[in-house]
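A short worksheet on the structure shown next.
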Amino acid sequence: MNEMARLQQRRLALYGWMLAAPALALMSLFAFYPAIATFWHSLFTRGTSRRPSIFAGFENYGDLFADPTFWTVATNNLIYAGVTIPVSIIFALIMALWANAHIPARSFVRSAYFTPTILPMIAAANLWLFFYTPDLGVIDQITGFFGASPTNWLGQPETALASVIIVTIWKEAGFFMIFYLAALQTIPPDLREAARIEGAGRWTYTRRVLLPLLMPTTIFVFVNAMINSVKLIDHLFILTKGGPNNASKLILYWIWEMAFAYFDSPHAAAMTILVLLVLGLVAVAQFRLVEKWTHYR
Amino acid sequence: MNNAMTAVSNKRTLPDFDKVLDTLGAWVLAIVWISPLLFAAWAALQPSGTALGLDFSSPLTFENFTYVWGAVPWGGYFANTVILVTLILAGQLVLCTLAGFAFARFEFKGRDTLFILVLLQLFILPEVLIVENYAIISKLGLFDTALGIGLPYMASAFGIFLLRQAFKSVPIELEEAARIEGCSWMGVLWKVYMPAAKPVYLAYALVSIATHWNNFLWPLIVTNSPDTRPLTVGLSLFGAPETGVDISVISAATIMTIAPLLMAFLIFQRQFIQAFLRAGIR
């Protein structure tokens, strides 16, 4: 009998492995192996037909740190993350509160907020090109009406990154709204009633009741926004190409440029590893945070 | 009692101040949020070259659309995108269902470690590994093929995670009942678990379609011919400012490429948002 149970258990284990194997194999091929291979290749010099590539230790990383472009791009990406993450979360929350309130034309409001989410980033960039075009664009037409002179929003270093940031916020806020909307619908309406009877105003209710209850959603959205601040760079291809003079260049775009425009894959690999390290830290931090918050629930 | 009644009726006749503000704010933000789309739609209907002045008296024209349609093989790009999205979704559904089932209902050695590895993949983005994945796809001889674009996305950690959660929430009694009736493991999966996870499948499918319809960087890297290039890459080549195409034409091309997805969204938006809300992707 015992023998039978053990046999059954082993058969189940085998089934489990077989079911998971195809996915795990593909995942290894396109995520785990390339991550390790990237690290390995980041330790070698760039080979040419004359000089084969040789082991260089962490030289490629040293080159990156010595390159002023690295610091510009890293700073840009920090600003990009530092602005897009909080601003799109705040917009998402406001949108969700409004899209959840009993207001006229609510379904129109909901779809208006959500529509940018389903557009390709490339298309979004094209739409915004129409806003940013100097002199002829919508923004300059409006400011020109008030007598301001035309501005080359995408072509000058002071405004290029900001222009890119606005498109990203426009694109992702509606997506995050959905998660807040889902969370808001699980909050019982009695809570608001109870808070009102206790004399809590709207602001107090939002701050003391709503926000803490939405915290797990906020963590989830925050992590997604963080990943997006690495990932969402498609619009650069249309709007600025990272320019002028690297003023709007972001890390992933730079990696693409190094690898596929300058064919310098060792340095691209080193940069990729740095990004993966940061993402890994984010992953660990998220698991910690989620653990902490699930204790409260 | 009487007082309470008057208070209620007061509330009805006088809409309270907060609500008016909320409505106004919500509407203004909504209009701001779709204005880029509206402007583009309007620009696309202006004669090219003359456009852009916010002069609403000029006549509307469809010539931009006919010009754009003739200039680039959009029909092929559409077909490529549809094939690509279908291929990826099919692969994801099969692989993630099997793996999600394994992680939800089977005990095997190393399962928890493997699951953590799967979760880790949520952070190792395929987008970041472009350099190495490009080398792998080339070595496999899949460069410039639909499979080459799709393969790295098929074992989706997000999909595995979602389906595992969905399968775990199915009461085990349902499974036992089916097994007493003689169902095999695959039968149980097919007849009990997959139907129970329907809303999750719907939500996941919609997210996957939207993601891969819109994906750009990876397809840009692994395609180099009109026979495989998806819409986004085609649009980016067409819209590049250095080609000197003017904004009405770019707007027409943009509107044309997003129209199918936009219409699908407007038709299915209730299901889409409901799917998200119900499946509880949180």
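The values are calculated or read from the model by the stated rules, or taken from the named source; none is laboratory data. It should be emphasised that the depicted structure is a prediction, and the values quoted were computed from it without experimental measurement. Note that each Cβ is placed from the backbone with ideal geometry, even for glycine, and that neighbours are counted across all protein chains shown. The protein model used for the area step is the full one, side chains on, heavy atoms only, and it has no ligands, DNA or RNA in it. Shrake-Rupley method; radii C 1.70, N 1.55, O 1.52, S 1.80 Å.
Using protein chains only and a probe of 1.4 angstrom, how many square angstrom of B:ILE250 are accessible, to the nearest 10?
10
Sorting A:ARG192, A:ARG106, A:ARG50, B:ARG111 by accessible area (1.4 Å probe), largest first, what list results?
Heavy-atom accessible area, descending, gives A:ARG50, A:ARG192, A:ARG106, B:ARG111.
Applying the Karplus parametrisation 6.51 cos²θ - 1.76 cosθ + 1.60 with θ = phi - 60° to the phi angles of the stretch A:48-65, what ³J(HN,Hα) value in whole Hz is obtained for each residue in order, glycine and proline being reported as x?
After applying 6.51 cos²θ - 1.76 cosθ + 1.60, I find 10, 5, 7, 10, x, 6, 10, 5, 10, x, 9, 4, 4, 5, x, 4, 4, 5 Hz.
If ligands, DNA and RNA are left out, what is the accessible area of B:LEU89 with a 1.4 Å probe, given in Å² to the nearest 10?
Here the residue's solvent-accessible area equals roughly 30 Å².
Which value, in Å³ per residue, describes the convex hull spanned by the Cα atoms of the stretch A:31-160?
223
Kindly sort A:LEU97, A:LEU127 by accessible area of their heavy atoms, largest first, with the probe set to 1.4 Å.
From most exposed to least exposed: A:LEU97, A:LEU127.
From largest accessible area down, sort B:TYR77, A:TYR15; use a 1.4 Å probe on the protein chains.
The ranking, largest first, comes out as A:TYR15, B:TYR77.
Between A:THR48 and A:LEU14, what is the spin-label point distance in nm, taking each point 7 Å from the Cα along the Cα→C-beta axis?
5.7
Using Cα pairs under 8 angstrom and six or more residues apart, how large is the relative contact order of chain A, in percent? The partial results should precede the final answer.
Values: 288 pairs, mean separation 78.6, N = 297.
Relative contact order for chain A comes out at 26 percent.
Anything in chain B that counts as a DSSP H helix reaching 27 Å or more along its axis (C-alpha) with Kyte-Doolittle mean of at least -1.0? List them, would you? Before the final figure, lay out each step's value.
On the way: long enough: B:17-44 (40 Å, 1.42); B:74-105 (45 Å, 1.47); B:247-279 (41 Å, 1.46).
The answer, listed by residue number, is B:17-44, B:74-105, B:247-279.
So, R0 is 35 Å and r is the distance between the beta-carbons of A:LEU191 and B:THR113; what FRET efficiency does that work out to, to 0.05?
Step by step, r from the Cβ atoms, then E = 0.30.
Could you name the aspartates and glutamates whose alpha carbon sits less than 20 Å from that of A:LYS241, not counting residues in the same chain fewer than 8 places away?
A:ASP67, A:GLU158, A:GLU257, A:ASP264, B:GLU127, B:GLU242, B:ASP246
Send over the Kirkwood Rh of the stretch B:173-251, from the inverse of the averaged 1/r over different Cα pairs, rounded to one decimal Å.
16.6
Counting only other chains, and only Cβ atoms inside 10 Å, what mean value do you get across the residues of B:21-29?
That average works out to 5.
Using +1 on the beta carbon of Lys and Arg, -1 on that of Asp and Glu, and nothing else charged, what's the dipole of the protein assembly as shown about the Cα centre, debye to 20?
Values: 36 positive and 32 negative charges, 358 e Å.
Using Cβ point charges on Lys, Arg, Asp and Glu, the protein assembly as shown gives about 1720 debye.
Once the Cβ-Cβ distance between A:PHE39 and A:PHE145 is put in as r, and R0 is 41 Å, what FRET efficiency do you end up with, to the nearest 0.05?
Details: r = 55 Å, r/R0 = 1.34.
Computed FRET efficiency for A:PHE39 and A:PHE145: 0.15.
What does the structure give for A:175-182 when I average, per residue, the other chain Cβ atoms found within 10 Å of the residue Cβ?
Mean number of neighbouring Cβ atoms from other chains: 3.
So which of B:LYS168/B:LYS191; B:LYS109/B:LYS168; B:LYS168/B:LYS198; B:LYS109/B:LYS139; A:LYS171/A:LYS249; A:LYS171/A:LYS231 end up more than 21 Å apart, counting from Cα to Cα?
Beyond 21 Å: B:LYS109/B:LYS139.
Taking only the Cα atoms of the protein assembly as shown, how large is their convex hull per residue, in Å³?
214
Using a cut-off of 11 Å between beta-carbons, work out the net charge of the residues near B:VAL192 (Lys and Arg +1, Asp and Glu -1, B:VAL192 not included).
For residues surrounding B:VAL192, the net value is -1.
So, with +1 on the Cβ of K and R and -1 on the Cβ of D and E, and no other charges, what is the size of the charge dipole of the stretch B:66-279 about its Cα centre, to the nearest 20 debye?
Rounded to the nearest 20 debye, it is 500 debye.
Any chance you could tell me what percent of the C-alpha pair distances in the stretch A:69-296 go past 30 Å?
Beyond 30 Å sits 37 percent of the P(r) for the stretch A:69-296.
Mind checking B:212-225 for the average number of partner chain beta-carbons within 10 Å of each residue's beta-carbon? The partial results should precede the final answer.
Values: counts 0, 3, 10, 4, 10, 11, 0, 0, 5, 3, 0, 0, 0, 0.
Mean partner-chain Cβ count within 10 Å for B:212-225: 3.
Any idea how far the Cα center of the stretch A:31-57 sits from the one of the stretch B:203-272, in Å?
So the separation of the two Cα centres works out to 34 Å.
Taking springs between alpha-carbon atoms closer than 10 angstrom, which of B:SER225, B:SER35, B:SER169 fluctuates most in the Gaussian network model of chain B?
The residue with the greatest mean-square fluctuation here is B:SER35.
Once a ≥ b ≥ c are taken as the square roots of the eigenvalues of the Cα gyration tensor of the stretch A:198-297, is the result rounded (a/c under 1.5), prolate (a/b larger than b/c) or oblate (a/b not larger than b/c)?
oblate
Calculate for chain A the 222 nm mean residue ellipticity that helices alone would give, adding -39,500 (n - 2.57) per DSSP H run of length 4 or more and normalising by residue count, nearest 500 deg cm²/dmol.
So the helix-based figure for chain A works out to -22500 deg cm²/dmol.
Using a Cα-Cα cut-off of under 25 Å, which lysines could be cross-linked to B:LYS19, ignoring same-chain neighbours fewer than 8 residues away?
Within the straight-line limit of under 25 Å, B:LYS19 reaches these lysines: B:LYS11.
In the stretch B:142-256, with Lys and Arg counted as +1 and Asp and Glu as -1 at Cβ, which of these residues, B:VAL192, B:SER236, B:ALA210, has the Cα nearest the positive end of the dipole, that is, farthest along it?
Selected residue: B:VAL192.
Quick one: in chain B, what % of C-alpha pairs are over 25 Å apart?
Everything past 25 Å amounts to 63 percent.
Using modelled backbone amide H atoms (1.01 Å from N, in-plane), which distant-in-sequence or interchain residues come within less than 5 Å of A:PHE44's amide H?
Long-range HN contacts for A:PHE44: A:ALA56.
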